[in-house]
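Novice: Before we start, here is the structure in question, set down as structure tokens.
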Amino acid sequence: MIRWILKSLTSEPWHLVASVSAIGGAFALALFFEAVFAGESKQIVAYIDQSDADVWVMQRGVSNMHMATSYVSDWKADKIENIEGVNKVTPILYLNTVMQAGGRSWFSFIVGIESGNARAGPWSIAEGKQLPGPGEAIVPAVLARLAGLGVGDTISIAGHEFTVAGLSDGTFSMANSITFVTLADLADIMSTFASMSYFLVDVAPGVDSIALAKRVTSEIEKVNAVDNRHFTKNDREVAMQMGLEIIVLMTVIGGTLAILLTGFSVHSSVSRKEHEFAVMKALGVQNKMIYFCVMVYAIGLALLGFSLAVILVLVATPITASFVPQVTLQVTMPALLRFIVAALVVALLAAILPVRRIVRIDPVQAFKVS
Amino acid sequence: MSEPALKAEHLVKTFGDGQVAVRAVDDVSLVVVRGELVVIMGPSGSGKTTLVSMLGALLRPDSGSITIDDVEVTELDGTSLAALRARKIGFIFQSFNLLDALTVEENILFPAHLARGGVRSAKTYAQDLLQQLNLQPRRSARPATLSGGEKQRVAIARALINRPQLIFADEPTGNLDSQSGQDVMMILYDIARDQGCSVVLVTHDPRVLDVADRVLWLEDGALRDRKNEQHSWVKDPVCGMRVDEWTASLFSEHGGDRYVFCSQRCLDRFVVEPTCYAVSTQSE
């Protein structure tokens with residue numbers, strides 16, 4: 001009986017295809033925006049993630065990296081290193097600026113690292129050197145592709161010329177790009193002396209990072225120390241306020257569209273069969289059977305639409321990455337689960353209105369000439 | 001033949017309230033015995049479909065009682081009514097009302113899912129019905145590809161699949177050509193005669209009068225038995241229209257003769273100048 005009622009509901013293939021396509025398209029849009037959000041959220045803190053310092057030490061009053069300015073005297077590195085539980089301290093300089101490359105301006109985070117110390121440098125190299133020498137820069141491979149740069153070309157950072165010595169992977173997002181130069185070169189650009197921006201602290205095995213961060217903050221004057229997890233969280237929050245909210249809004253719009261289309265499709269499919277439901281009721285089909293079938297149909301429609309959406313997004317992700325490399329897409333399992341639950345809830349909610357109507361259908365309608 | 005399959009007493013159904021209230025069925029009582037073919041006729045809007053809907057447990061009467069197989073239908077809840085319809089009643093509709101997505105065979109078997117025996121036991125009977133109703137070659141066809149006569153035969157088979165004791169048919173020949181209509185009539189007659197199934201038929205088709213056990217006339221919500229009555233067709237003396245003297249309600253007498261009128265307008269004209277119209281009306 002269920003099979004036959006469902007067969008009746010799905011008897012118009014083109015209507016079914018249109019419904020599934022509409023739902024699939026809308027969920028694909030929502031999933032795509034979610035993938036952009038997830039990708040950018042991850043990418044925006046990629047440097048912090050990849051550096052994998054246990055504790056970050058910075059100027060008091062500063063608690064993140066994105067668009068922040070921090071100055072800490074370099075001699076404090078020794079004092080931090082002397083604190084019990086600290087294994088290693090790596091200083092970096094950091095500057096938000098616009099650089100010129102390939103005839104265009106690029107907003108970039110410039111990170112100055114110690115010569116020959118890969119600890120705070122690029123973590124994946126696509127081409128060329130891994131670490132910059134004097135007058136050299138390691139730029140993101142995506143930026144190089146967009147700007148038409150290659151190893152050996154020249155870029156300008158705050159009026160200083162640098163030779164591209166290497167191209168790094170995973171250092172570009174829509175919100176920022178990370179370019180690595182030597183500490184000395186960046187100090188020259190920033191006109192600083194004996195100052196660092198951040199200290200990356202590695203703690204000894206078994207040492208609690210949060211406790212150590214508190215000790216550093218209390219024992220070293222005019223610094224703020226934050227464990228890696230909180231530092232990442234702070235940075236992501238700032239980045240969210242500065243642009244990712246738009247992606248969130250787009251995701252919400254995509255999700256709402258998906259909800260509306262699912263609701264409309266279920267409603268329209270069921271409503272088109274109103275006369276047949278009246279006939280079924282006249283023949284003796286119980287309301288609870290109709291309830292069940294409409295719910296199953298709604299869930300089936302949502303699942304088909306959602307499956308189509310997943311396929312579309314999985315196909316679109318590598319295509320987008322190759323044509324629009326500046327956008328980082330990440331389809332995550334939690335996002336898929338979240339959306340599938342939403343799709344099912346929406347489908348059930350969308351079914352309630354038509355099913356209530358059907359249950360109220362007078363079987364006498366079967367006598368009306370259709 | 002004398003055992004009642006359906007007993008309805010003092011059925012009343014009113015639609016609307018106050019001044020717009022329409023009493024569609026007005027104190028109708030009826031007994032249909034097993035194997036009887038009862039035809040309900042009447043003008044459009046006379047309440048035929050409302051009456052059949054109530055008798056078929058689709059519509060609750062405002063008052064009165066309906067007993068089917070010793071079960072008082074008006075006391076049943078919606079779920080029990082649906083179960084009763086599935087097991088004991090078959091419906092045949094003017095517009096066939098087949099389920100478009102299902103094949104002929106699936107349409108016939110559809111009500112079997114709702115009965116106690118289930119589909120498995122009904123499949124053999126479905127084959128018999130397909131054979132009897134000459135539908136075997138079309139068993140896998142979709143309703144959209146069938147002719148009107150074929151559709152109605154499928155609807156009849158569907159109505160019979162659960163071996164109901166009552167079949168209600170609403171204008172079953174209304175959408176059929178002459179030959180197909182004749183076939184359907186004879187099938188319904190055979191069902192009543194051979195299978196002992198009571199058939200209540202609403203129709204305007206005069207061909208059924210010859211095979212009906214009883215013809216009931218419903219007008220203004222009230223029933224009258226007509227099987228043994230002769231029609232008394234007379235001409236309205238004013239407009240010349242044919243009027244059934246038996247059911248007419250507008251009369252006048254002149255010169256010792258009785259005249260029947262189709263409408264108040266004709267009656268009024270006659271009363272003003274009866275000599276202009278007072279000619280003998282011819283019975284047909």
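The values are calculated or read from the model by the stated rules, or taken from the named source; none is laboratory data. Model, not experiment: these values are computed from the prediction. With ideal geometry, Cβ positions are generated from the backbone for all residues, glycine too; neighbour counts draw on all protein chains shown. Ligands, DNA and RNA are excluded from the accessible area calculation, which covers all protein heavy atoms including side chains. Shrake-Rupley method; radii C 1.70, N 1.55, O 1.52, S 1.80 Å.
Novice: Using only the Cα atoms of the protein assembly as shown, what do you get for the radius of gyration and for Dmax, in Å?
Specialist: 42.5, 137
Novice: With all protein chains present and a 1.4 Å probe, how do A:66, B:113, B:204 order by accessible area, largest first?
Specialist: The most accessible residue leads, giving B:204, B:113, A:66.
Novice: If all Cα-Cα distances of chain B are sorted into 10 Å bins from 0 onward, what percent lands in each bin, rounded to whole numbers?
Specialist: 6, 25, 29, 21, 11, 5, 2, 0
Novice: Which of the pairs A:273/B:48; A:273/B:13; A:79/A:222 have their Cα atoms more than 24 Å apart in this structure?
Specialist: From A:273/B:48; A:273/B:13; A:79/A:222, over 24 Å: A:273/B:48; A:273/B:13.
Novice: Still on this model: Please name the residues of the range B:30-69 whose accessible area, counted over protein heavy atoms with a 1.4 angstrom probe, falls by no less than 50 Å² between the chain alone and the full protein assembly.
Specialist: Residues losing area: B:58.
Novice: Over chain A, what percent of the accessible surface lies on carbon and sulfur atoms, probe 1.4 Å?
Specialist: Reported share for carbon and sulfur atoms: 61 percent.
Novice: Taking amide hydrogens as modeled 1.01 Å from N in the peptide plane, which residues meet the under 5 Å criterion relative to residue B:232, leaving out close sequence neighbours?
Specialist: Hits under the 5 Å cutoff: B:245, B:246.
Novice: I'd like to know which of A:151, A:317, B:117 lies farthest towards the positive end of the charge dipole of the protein assembly as shown, counting +1 on Cβ of Lys and Arg and -1 on Cβ of Asp and Glu.
Specialist: Positive-end residue among those listed: B:117.
Novice: If you project the alpha carbons of the range B:171-274 onto their three principal axes, what span does each projection cover, largest first, in Å?
Specialist: That works out to 57, 26, 22 Å along the principal axes.
Novice: If you count, for each residue, the other Cβ atoms within 10 Å and average over each peptide, how do B:259-271, A:178-190 line up from highest to lowest?
Specialist: Result, highest mean first: A:178-190, B:259-271.
Novice: Counting only C-alpha contacts under 8 Å and six or more residues apart, can you give the relative contact order of chain A as a whole percent?
Specialist: Relative contact order for chain A comes out at 29 percent.
Novice: Got a number for carbon plus sulfur as a percent of the range B:1-114's accessible area, 1.4 Å probe?
Specialist: Answer for the range B:1-114 is 47 percent, counting heavy atoms of protein chains only.
Novice: Could you state how much accessible area is buried at the A-B interface, both sides summed, with a 1.4 Å probe, in Å² to the nearest 100?
Specialist: Chains A and B together bury roughly 2400 Å² of accessible area.
Novice: Taking the Cβ of residue A:236 as the centre, find all other residues whose Cβ is under 15 Å away and add up their charges (Lys, Arg: +1; Asp, Glu: -1).
Specialist: Net local charge, residue A:236 excluded: -3.
Novice: Here is a further query. Roughly what percent of Cα-Cα pairs across chain A reach past 38 Å?
Specialist: Of all Cα-Cα distances in chain A, 40 percent exceed 38 Å.
Novice: Plugging the Kirkwood radius over Cα pairs into Stokes-Einstein for the range B:233-277, at a temperature of 4 °C and a viscosity of 1.567 mPa s, what D comes out in µm²/s?
Specialist: The Stokes-Einstein estimate is 127 µm²/s.
Novice: With every protein chain in place, what's the accessible area of residue B:233 (1.4 Å probe, Å², nearest 10)?
Specialist: That residue has around 60 Å² of solvent-accessible surface.
Novice: A follow-up question, please. Tell me the carbon and sulfur percent of the accessible area for the range B:233-277, rounded to whole percent, probe radius 1.4 Å.
Specialist: That fraction is 48 percent.
Novice: Hey, another quick one. What is the magnitude of the charge dipole of the range A:50-238 about its Cα centre, with +1 placed on the Cβ of each Lys and Arg, -1 on the Cβ of each Asp and Glu, and no other charges, expressed in debye to the nearest 20?
Specialist: Using Cβ point charges on Lys, Arg, Asp and Glu, the range A:50-238 gives about 400 debye.
Novice: Could you provide, to the nearest whole Å², the per residue accessible area of the protein assembly as shown with probe 1.4 Å?
Specialist: Each residue of the protein assembly as shown exposes 44 Å² on average to a 1.4 Å probe.
Novice: To the nearest whole number, what is the average tally of beta carbon atoms from other chains within 10 Å of the beta carbons of peptide B:97-104?
Specialist: 6
Novice: Ok, one more. Work from the charge dipole of chain B (Cβ charges, +1 for Lys and Arg, -1 for Asp and Glu, about the Cα centre) and give the residue of B:56, B:211, B:132 farthest towards its positive end.
Specialist: Farthest towards the positive end: B:132.
Novice: For the range A:321-370, which residues drop by 50 square angstrom or more in accessible area between the chain on its own and all protein chains together (1.4 Å probe)?
Specialist: So the qualifying set is A:364, A:367, A:369.
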